[in-house]
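The values are calculated or read from the model by the stated rules, or taken from the named source; none is laboratory data. In this text the structure is predicted, and so the values were computed from the model without any measurement. Positions of Cβ are generated from backbone atoms using ideal geometry, with glycine treated the same way; all protein chains shown enter the neighbour counts.
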Amino acid sequence: MGTVLALRHVPFEDLGIFAGPLAERGLDVTYRAPWDGLDLDPAEPDLLVILGGPIGAYEEAAYPFLTDEIRLIEARLAAGKPILGICLGAQLMARALGARVYPGPAKEIGWAPLTLTEAGRASPLAALGDDDAMVLHWHGDTFDLPPGAVHLARTALVEHQAYAVGTAALGLQFHPEVPAAAIESWLVGHANEIAATTGVDPVTLRADTARHAAACAARGRRFLNAWLDGAGLTAGA
């Protein structure tokens with residue numbers, strides 16, 4: 001059986017709908033909080049996933065564990081082993097690759113479509129780029145495209161929504177992994193941020209999730225399976 005290590009920054013942000021496809025491939029998932037220590041071989045897990053969280057990827061003075069987390073990501077990238085970063089995870093990967101992370105033009109919270117680049121349309125993200133496809137966005141920071149990375153997706157507000165480095169490293173600013181059943185945890189966990197963001201409210205987020213989450217989950221599973229295939233994580237890995 002293969003292994004997945006998922007670094008989780010808040011309890012309610014987990015692998016969500018991605019857990020099923022990983023289990024179907026015989027990949028056993030372990031969650032770890034990065035502040036609990038990262039004394040491990042960065043190349044050991046078959047897949048490393050860096051999940052989201054409400055802190056900034058540049059706030060290591062306030063959250064010193066980020067320094068070790070970025071070092072782990074750097075070593076994983078150098079090893080060329082599969083790594084997936086989601087939201088904060090994509091930002092930490094961008095930093096590990098030498099790019100700048102900084103506050104974006106505005107909070108991007110809610111359901112909205114992606115616009116795929118030509119490279120994105122030829123990538124596993126094609127499953128998320130249909131004309132009627134919607135994904136969940138929940139972030140305030142953004143990043144420059146890392147050196148050597150391929151730009152895959154944008155939105156009207158944020159230019160860099162997804163990037164790849166080879167076939168084994170992928171960063172996603174958005175959240176294709178969140179199932180409908182998890183939205184209440186997100187609404188409660190991010191209540192202060194929602195209240196402080198003009199034009200964002202839990203009633204609308206809940207209704208939009210009920211409208212879009214099931215279709216996003218189906219597309220998200222197709223996307224993940226295609227990416228895992230390309231990264232060499234086949235069934236029985």
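Worth a mention:
- The selection criterion, being more than 16 Å from the chain's Cα centre (by Cα), of a type in the set (A, V, I, L, M) and either surrounded by fewer than 20 Cβ atoms within 10 Å (Cβ to Cβ) or modelled with pLDDT of 95 or more (or both), holds for L27.
- Helices (runs of 4 or more DSSP H) wholly inside the range 126-235 that include at least 1 residues being buried (at least 18 other Cβ atoms within 10 Å of the Cβ), of a type in the set (F, W, Y) and modelled with pLDDT of 95 or more: 183-189, 202-230
- Boolean, G2 is under 25 Å from G166 (Cβ atoms), surrounded by fewer than 20 Cβ atoms within 10 Å (Cβ to Cβ), modelled with pLDDT under 95 and not hydrophobic (A, V, I, L, M, F, W, C): yes
- Failed condition for L88, given (1) crowded, with 21+ Cβ neighbours inside 10 Å; (2) in contact with a helix residue (DSSP H, G or I) (Cβ under 6 Å, 6 or more places away or on another chain): (2)
- Any hit, the range 18-40, residues being of a type in the set (V, I, T) and under 22 Å from H139 (Cα atoms): no
- Looking only at the range 1-35, and only at residues there that are part of a loop (DSSP other than H, G, I, E, B) and aliphatic (A, V, I, L, M), the one that is farthest from G232 (Cα to Cα): V10
- Which listed residue, of A213, A168, is out of contact with any helix residue (DSSP H, G or I) (no Cβ under 6 Å at 6 or more places or on another chain) and in contact (Cβ under 8 Å) with a residue 24 or more places away in the chain: A168
- Qualifying residue in the range 98-109 (condition: on the phi < 0 side of the Ramachandran plot and assigned to a loop (DSSP other than H, G, I, E, B)): yes
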